[in-house]
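The values are calculated or read from the model by the stated rules, or taken from the named source; none is laboratory data. In this text, all values refer to a predicted model and were calculated from it rather than measured experimentally. A quick note on method: Cβ atoms are made from the backbone with ideal geometry, for glycine too, and the neighbour counts reach across all protein chains shown. Calculation scope for accessible area: heavy atoms of the full protein, side chains included, ligands and nucleic acids excluded. Shrake-Rupley method; radii C 1.70, N 1.55, O 1.52, S 1.80 Å.
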Amino acid sequence: MRRRGWGTATTPFNHVASDRATAGEERGSKPGSERAEAPWPFLGPGLVCGGNEGNTPNAPPRPRYGPPVNEGGENRTSVPSLVVTAPIVAVLHNLEDAFTGHAGDALRAAGVELTEHRLRDGEPLPDLDGIDGVLSLGGEQSVLDIDRDPMLTAEAAFLREAVERGIPTLGVCLGAQLLAHALGGRVVRLPRQLIEWAPIEALPAAAGDPVIGTLPEGAVALHWNEDGFEPPPGAVELLRRRGLTGEAFRYGDSTWGVQFHPEVHDEGLDSWYRSGYGELAAAGLTEEQARAADARHLPAQRALSDALLGGFARVVAGRSVTA
């Protein structure tokens, strides 16, 4: 996890008053010679805020209060200042036609910067020392094939290390299944391809959770899944299961996985329909039926994403400041 660094800010220090205090000794003691020979700028008696004692030109100057003023630009002293930068979340894209959708909007609105890593294009995984959080998104791959998929193998190891370091991590769909697998849970094939908008219902354990506990009452989320997960040992389930597998879990105090898609928006769905006709048929749906459901539920999707991803962003920001 990145640490906040110390930078340097320069603060000018005014030596004009002390120069004036010794000017009489350097120029001699002839009365009045100070006014004729003093270097620029000449402030004269009474021009320093409050004046000199007795308003006489040879009296020692009164101390100057308030912030120092730079006169001439020289004699600067350096003082440390805290350089505050926005926390960075690394987004791991597992889709060929990658997008962050509502998730990216919600994270940026919460003050988080994103670095996007298109793993399907051969881009490398990020350096864990340079990021403050991880968001692993969905893809058409299956964790059941991980032994034959070097990319998924590397991503699972990366997620495991991020969790071990305490870096806030959120997995969505395939990302959640990878997290579950990496932490000792199980991934199983669903009895049937699942494509549906379904209500999500919080369990008592979700109360007070910074990510799942803020979801809108009565929220409906899109499930587009071939596999499901069994949460890892020690994880807490936060949403009621819709079938045999989990819907959402928290592992420790900084790791979450969700089976549904809070990131999806119109453009993202269009790309899924362009390539997902076989999945629609396997789910027993036509594109017309699926798009009719989208029209009913997509308008509320931004509120769901803002709650979930906004909550995650606050966790990331809090950890990055205290680290």
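Tabulated results
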read-out	value
Percent carbon-and-sulfur accessible area, the stretch 98-161, ignoring ligands, DNA and RNA, probe 1.4 Å	46
Phi to ³J(HN,Hα) by Karplus 6.51 cos²θ - 1.76 cosθ + 1.60 over the stretch 109-117, Hz, x for Gly, Pro	5, 8, x, 9, 8, 10, 10, 9, 10
In nm, spacing of pseudo-spin labels at Ala295 and Ala207 (7 Å Cα→C-beta vector)	4.1
Equivalent ellipsoid dimensions for the stretch 238-323 as semi-axes, Å, which come from the Cα gyration tensor, largest first	30, 16, 11
Label zone at Ser275, where the point sits 7 Å out along the Cα-to-Cβ direction: the stretch 85-118 residues whose backbone N lies under 20 Å	91-104, 116-118
Calculated over the stretch 183-313: convex hull of Cα atoms, volume per residue (Å³)	109
Cα extents of the stretch 167-225 along the three principal axes, largest first (Å)	31, 30, 17
Percent RCO, i.e. relative contact order, over the stretch 168-247, from Cα pairs under 8 Å lying at least 6 residues apart	36
Longest to shortest principal axis, alpha-carbon extents of the stretch 92-234, angstrom	40, 39, 33
